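**Q** Attaching a single structure in structure tokens format; questions to follow.
The values are calculated or read from the model by the stated rules, or taken from the named source; none is laboratory data. Keep in mind it's a predicted model, so treat the numbers as computed, not measured. Neighbour counts are summed over all protein chains in view; Cβ atoms, including those assigned to glycine, are modelled from backbone coordinates with ideal geometry. Protein only, heavy atoms only, side chains kept; ligands, DNA and RNA dropped before computing areas. Shrake-Rupley method; radii C 1.70, N 1.55, O 1.52, S 1.80 Å.
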Amino acid sequence: MKERIELWFKLLMVLTVLVCGRAAYAQPELETFLPPGVDHIVIKAEYLADEAGAFSIGDIASNNVQGQWQPVLEDYANFGYRHYPYWYRFIISNAGTKAADQVIELKYPLLDSIDYYRFADNELIEHIHTGDRVPFEQRPVRHPYFMFPIHLEAGERNEIYLRIQTAGSQLVPLNLWEKIPLFVELLEEDQLHAVYFGIVLVIVFFNLLIFVALRERVYLYYAISTLLFMTFFAIMRAKLYPVIFSETPEFHHLLLLLLPGSCLLFSALFTREFLSVRLYSRYLNYLVNGIVLVSLGCIALVFVLDSQASLKLSVLCAIPGTFILLLLGPTLAMMGNPIAWVYTLAWGTFMFGTTVTAMSKQGFLPVSFITEYGMQIGSALEVFILNAALAYRFYREHEDKVAAQEAQLKEHAERREAELKLLDSSMLHPVTMMPNRHCFERQIQEVLGEREGGRVAIVTIEVTRYAEINKTLGHQNTDLLMCEVAQMYNNLLTRSPGTFRIIGPSFESWLCSLDNDSFGFMADAEIAEAHAKDINALIKQMIQPIEFKGMRLELRPVLGVAICPEHGLNAATLLRHARVAADSSDAKERYLSYYRPELDQYNARRLTIISELKDAIQKEELDLYFQPKLDLRSRKIVGVEALIRWNHPKYGLVRPDDFIPMAEQTGIIKNLTRWVIDESLAYLQRLGECGYTINMSINVSMMNLKETDLVGFLEERLAETGLDAALLYLELTETSMMQHPHDAIGTLTKLGELGVKVSVDDFGTGYSSLAYLQDLPANEIKIDKSLIMALEHKETSESVIKSAIDMCHALGFSVVAEGVENEPVMHRLMDMDCDLIQGYFLTPPLPYTDLLEWLRDQETTQRFAS
Ligand code: C2E
Ligand code: CA
Ligand code: CA
């Protein structure tokens, strides 16, 4: 290693000598004479090391030191770093017959202080004090190299003494030149350098611009390190000196001291980023960081140590540092980093050029243009190669960015498409693919909103022989038949006057499928009445028997009509009234009936029910049933949903759908929900005592979320019972959340803070976009049973449900499928990665005692365990 350091040390020395090497032939005598026709010649000199620094020019020029002069054996003097001054002497003579104007050239610009003494006939006739730490103005010739013009008459002979003291290398290449050839030579050299520095500067600015645009540090490090290397070369040749530092030679010197450390620092930073060292090896990254620290240390020490010590230290650190950075190339390339080969090539070229130059200086290679400018050529090639690699990297990153943007757009489009599909299937009937009841109700509401006084007729068509046909033909055939029937009715309606079109995201229709056996449409009542004839013709065509698979089938459809405003003002009422009309005996006789209040047997019951519901809670007529939820992964029952039942003394078991809407309208829902909460929590405690720590889902109405004290009530009850809030799930329908998003989000957020979970019920029946769901503080999504039940009929609903599940998962929700009625559907949901199921396949809702029994039964039979 020691030899290696020495070798590199020598190499660097030689680099600095680069500036002075030029082919010339040596002359053994001390007396230098430039023969006619020869451009220049190496000056042969003697030297004297003034170790005490005590000699004056008087001492030197006298014969006192005569015996101490030594000849300079090489073409030029090179003593390395010496803190004391050296003296040189030589004789320039004009042996010709004419006077001669010649120039003594000292071709090493980094000498701190030079005293030039010229003697003629033992008399001092000229003294010049100069050096690179002496202001530029004092030079006899204003050039980075030191040049001393000399005029000799024919036969004249001058004795020259030089006293040179410098912090850097004591390197003194001396030549004697004819004036004009010297200036031509210097001009050519300057042109070459100008081209070189010009190219490098352009590249530096180019990379700085890329850095400004992209903010990627690698380009900045590259620009700075290249700039520093360029400055280093320029300083070595003192190119900057006359331009920038002529008045401030001290700064020039300081810059020279700072450069080796700074070059190493930015080369290391560049290498670290360019090769992404950290991705390949933590230890190599430590190593590079070590080099960064060492170079920072070198830079700092410049301000502490004296010039010579800090220059030595910088060079000592720079050589192994550069060597390590060079070796990192092949090492990382071997570890699989392809760009590291390019890096190795670039640095290798630079090193090769430098070595070629160094070897020619040492005499191992013949001198030529290539060896003379090897280092510049090498560094220029390095800059080009690395720059090409950076440009390639820039291109790749740009490509990657474009690809990422495209992927994002695609994902967005896919999500949108899935949303539309979901929206479609939430609006279409699974068998006939006609708009469904939800969709119809919404359209009615919209048309009523825009009505402006006109009358609107809502018509339902009920296929009275549906059940019979179903029994005879079977489900599959009946489904096919109903599709054909729907198509036929729809075609008829397109031609009937005043009928409204129903438009969805990807469909357009006149007819709706309300149920498997009933359809609906709506029309402008005024137009329809004005075209009574056409309407009669339409009905006639509708009631015709239909040809199906060679059979003539009598469907016996009946039509019921309710008109807004006479028979109701909202969609639900109008639809119900149209159905009442269709169910009436006159409809059966005449195929068509208008609603009349007398037809409505429900009305009376409805009114009494509302008043009775108020007392039902006190009378203990209400009860809770429970329907279990199965976790498809653990195959365990993880919770139950509480569903309310009313044991009416006269009508028997009344289902919630028949009284919850009324409870909501009359405000009874507040007490009802609180009763449900109290009861469910009590049951939850009892379940816990029996060893079933499962969660409890409670259905909450939108009205409840508007109650300011609901959260307080829940908090109080949870504290009283000591139950974990996380066991409680509150279910709210998607539609209600959409209608009052602000009330919903406020209360739901508070519930979330309480630790209570929130579930979006009947998902897929509303209009909500998944983007909206993202903002909801909910934990669970329950896909509506209409979508799940359609799985049996439709192939398309599978992809819809699958993408809904995936997207809900992506938004962080767990997904429950409700209305699972058989095992194949459960397996399909399992394949789709659904989290939980609920439905008749497990069990219909059960009273508490039956639930306990059912749970125990599950434990013993392990029915869902495999
Ligand atoms: P929901 O919340 O969607 O409840 C699920 C309904 O689907 C229940 O009807 C349940 O019996 C039924 N169901 C469960 N599995 C299946 C299946 O596999 N196939 C079919 N076809 N149906 C199944 P239920 O009990 O009649 O409740 C109807 C609705 O009444 C509930 O719909 C809920 O919105 C509301 N409701 C029930 N209890 C309460 C309550 O305590 N408070 C409030 N505000 N609403 C309630
Ligand atoms: Ca529910
Ligand atoms: Ca539901």
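**Q** Among the listed residues 519, 507, 500, which satisfies the condition of being at pLDDT below 90 and under 21 Å from residue 439 (Cα atoms)?
**A** Testing whether each residue is at pLDDT below 90 and under 21 Å from residue 439 (Cα atoms) leaves just 507.
**Q** Taking region 343-360 as the region of interest, how many residues are more than 21 Å from residue 275 (Cβ to Cβ), crowded, with 23+ Cβ neighbours inside 10 Å and at pLDDT 80 or above?
**A** Taking region 343-360 first, the residues more than 21 Å from residue 275 (Cβ to Cβ) are 353-360.
Retained after the next criterion (residues that are crowded, with 23+ Cβ neighbours inside 10 Å): 357-358.
Cutting the leftovers down to at pLDDT 80 or above gives us none.
The number of residues fulfilling the criteria is 0.
**Q** Out of 269, 264, 192, I need the residue that is more than 28 Å from residue 87 (Cα to Cα) and either touching a Cys at 6+ places or on another chain (Cβ under 8 Å) or of a type in the set (Lys, Arg) (or both). Which one?
**A** On the way: 269 fails: either touching a Cys at 6+ places or on another chain (Cβ under 8 Å) or of a type in the set (Lys, Arg) (or both); 192 fails: either touching a Cys at 6+ places or on another chain (Cβ under 8 Å) or of a type in the set (Lys, Arg) (or both).
Unique residue meeting the criteria: 264.
**Q** Go through region 580-630 and give me each residue that's modelled with pLDDT under 90, among the basic types (Lys, Arg) and out of contact with any His (no Cβ under 9 Å at 6 or more places or on another chain).
**A** Correct list: 588, 590, 605, 606, 614, 619.
**Q** Which residue, of 406, 417, is within 39 Å of the chain's Cα centre (by Cα), modelled with pLDDT of 85 or more, among the acidic types (Asp, Glu) and open to solvent by 30 Å² or more (accessible area, probe 1.4 Å)? Let's see the steps before the verdict.
**A** Numbers: 417 fails: modelled with pLDDT of 85 or more.
On inspection, the qualifying residue turns out to be 406.
Let's see how each residue does on (1) within 13 Å of ligand 1 (Cβ to nearest atom); (2) in contact with an Asp or Glu (Cβ under 9 Å, 6 or more places away or on another chain); (3) modelled with pLDDT under 95:
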| site | (1), (2), (3) |
| --- | --- |
| 632 | no, yes, no |
| 649 | no, yes, yes |
| 657 | yes, no, yes |
| 685 | no, no, no |
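**Q** Name the single residue, out of those in region 118-147 being more than 30 Å from residue 239 (Cβ to Cβ) and without any contact (Cβ under 8 Å) to a residue 60 or more places away in the chain, that is most open to solvent (accessible area, probe 1.4 Å). Talk me through it step by step, then tell me what you get.
**A** As a first pass, look at region 118-147 and keep what is more than 30 Å from residue 239 (Cβ to Cβ): 119-125.
Checking the rest, the ones that are also without any contact (Cβ under 8 Å) to a residue 60 or more places away in the chain come to 119-121, 123, 125.
Numbers: 119: 25, 120: 17, 121: 142, 123: 118, 125: 88 Å².
Among them, the one singled out is 121.
**Q** Check 804, 865, 810 and return the single one that is open to solvent by 20 Å² or more (accessible area, probe 1.4 Å), within 22 Å of residue 421 (Cα to Cα) and under 45 Å from the mean Cα position of the chain (by Cα).
**A** Working: 804 fails: open to solvent by 20 Å² or more (accessible area, probe 1.4 Å); 865 fails: within 22 Å of residue 421 (Cα to Cα).
Among 804, 865, 810, only 810 is open to solvent by 20 Å² or more (accessible area, probe 1.4 Å), within 22 Å of residue 421 (Cα to Cα) and under 45 Å from the mean Cα position of the chain (by Cα).
**Q** Being in contact with a Ser or Thr (Cβ under 9 Å, 6 or more places away or on another chain), at pLDDT below 90 and aromatic (Phe, Trp, Tyr) is the requirement here; does residue 81 meet it? Spell out how you get there, then give the answer.
**A** Values: in contact with a Ser or Thr (Cβ under 9 Å, 6 or more places away or on another chain): yes; at pLDDT below 90: yes; aromatic (Phe, Trp, Tyr): yes.
Here the answer is yes, as residue 81 does meet what is asked.
**Q** Still on this model: Among the residues of region 173-192, are any touching a helix residue (DSSP H, G or I) at 6+ places or on another chain (Cβ under 8 Å), under 27 Å from residue 376 (Cβ atoms) and of a type in the set (S, T, N, Q)?
**A** Checking region 173-192: not a single residue is touching a helix residue (DSSP H, G or I) at 6+ places or on another chain (Cβ under 8 Å), under 27 Å from residue 376 (Cβ atoms) and of a type in the set (S, T, N, Q).
**Q** Also, I was wondering about something else. Which of (1) open to solvent by 50 Å² or more (accessible area, probe 1.4 Å); (2) at pLDDT 90 or above does residue 103 not meet, given it meets every other one?
**A** Tallying (1) open to solvent by 50 Å² or more (accessible area, probe 1.4 Å); (2) at pLDDT 90 or above, residue 103 fails exactly one: (1).
**Q** Go through (1) of a type outside the set (Phe, Trp, Tyr); (2) without any contact (Cβ under 8 Å) to a residue 12 or more places away in the chain; (3) within 16 Å of ligand 1 (Cβ to nearest atom); (4) at positive phi for residue 850 and report which single condition fails.
**A** (4)
**Q** Right, here's the next one. Within region 827-848, which residues are part of a helix (DSSP H, G or I), open to solvent by 10 Å² or more (accessible area, probe 1.4 Å) and hydrophobic (A, V, I, L, M, F, W, C)?
**A** Initially, region 827-848 is screened for residues part of a helix (DSSP H, G or I), giving 827-831, 848.
From the residues that got through so far, the ones that are open to solvent by 10 Å² or more (accessible area, probe 1.4 Å) too are 827-828, 830-831, 848.
Passing the criteria: only 830.
**Q** Only strands (runs of 3 or more DSSP E) wholly contained in region 29-109 count here; list those with 1 or more residues that are closer than 25 Å to residue 167 by Cβ. It would help to see each step written out before you state the result.
**A** On the way: elements: 40-42, 46-49, 77-81, 86-93, 100-106.
The qualifying strands (runs of 3 or more DSSP E) are 46-49, 77-81, 86-93, 100-106.
Yes/no per residue for (1) at pLDDT below 95; (2) within 16 Å of ligand 3 (Cβ to nearest atom):
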position: 706; (1), (2): yes, no
position: 713; (1), (2): no, no
position: 716; (1), (2): no, no
position: 739; (1), (2): yes, no
position: 742; (1), (2): yes, no
position: 762; (1), (2): yes, yes
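**Q** Check off (1) touching a Lys or Arg at 6+ places or on another chain (Cβ under 9 Å); (2) more than 22 Å from residue 444 (Cα to Cα); (3) open to solvent by 40 Å² or more (accessible area, probe 1.4 Å) for residue 553 and give me the number that stays unchecked.
**A** That leaves (3) as the condition not met.
**Q** Just to check your reading of the model, which residue among 724, 775 is under 30 Å from residue 424 (Cβ atoms) and of a type outside the set (S, T, N, Q)? Let's see the steps before the verdict.
**A** On the way: 724 fails: under 30 Å from residue 424 (Cβ atoms).
When all the criteria are applied, what remains is 775.
Residue-by-condition table, conditions (1) at pLDDT 90 or above; (2) touching a Ser or Thr at 6+ places or on another chain (Cβ under 9 Å):
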residue: 779; (1), (2): yes, yes
residue: 785; (1), (2): no, no
residue: 791; (1), (2): no, yes
residue: 795; (1), (2): no, no
residue: 799; (1), (2): no, no
residue: 803; (1), (2): no, no
residue: 816; (1), (2): yes, yes
residue: 827; (1), (2): yes, no
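**Q** Here's another thing I want to ask about it. Got a sec? Which strands (runs of 3 or more DSSP E) wholly within region 610-691 have at least 2 residues that are surrounded by fewer than 18 Cβ atoms within 10 Å (Cβ to Cβ) and over 50 Å from the mean Cα position of the chain (by Cα)? Lay out the reasoning, then the answer.
**A** Values: elements: 622-631, 636-648, 652-654.
So the answer is 636-648, 652-654.
**Q** Among the residues of region 692-733, what is the count of those that are among the polar types (S, T, N, Q), within 13 Å of ligand 2 (Cβ to nearest atom) and open to solvent by less than 30 Å² (accessible area, probe 1.4 Å)?
**A** Applying the first criterion (among the polar types (S, T, N, Q)) to region 692-733 yields 693, 695, 697, 699, 701, 704, 708, 721, 733.
If we keep only those that are within 13 Å of ligand 2 (Cβ to nearest atom) as well, we get 697, 699, 701, 733.
Going one step further and asking which of them are open to solvent by less than 30 Å² (accessible area, probe 1.4 Å), we end up with 697, 701.
Number of matching residues: 2.
Conditions (1) farther than 30 Å from residue 275 by Cα; (2) touching a strand residue (DSSP E or B) at 6+ places or on another chain (Cβ under 9 Å), marked per residue:
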{"site": "170", "(1), (2)": "yes, yes"}
{"site": "174", "(1), (2)": "yes, yes"}
{"site": "178", "(1), (2)": "yes, yes"}
{"site": "184", "(1), (2)": "yes, no"}
{"site": "192", "(1), (2)": "yes, no"}
{"site": "199", "(1), (2)": "no, no"}
{"site": "203", "(1), (2)": "no, no"}
{"site": "207", "(1), (2)": "no, no"}
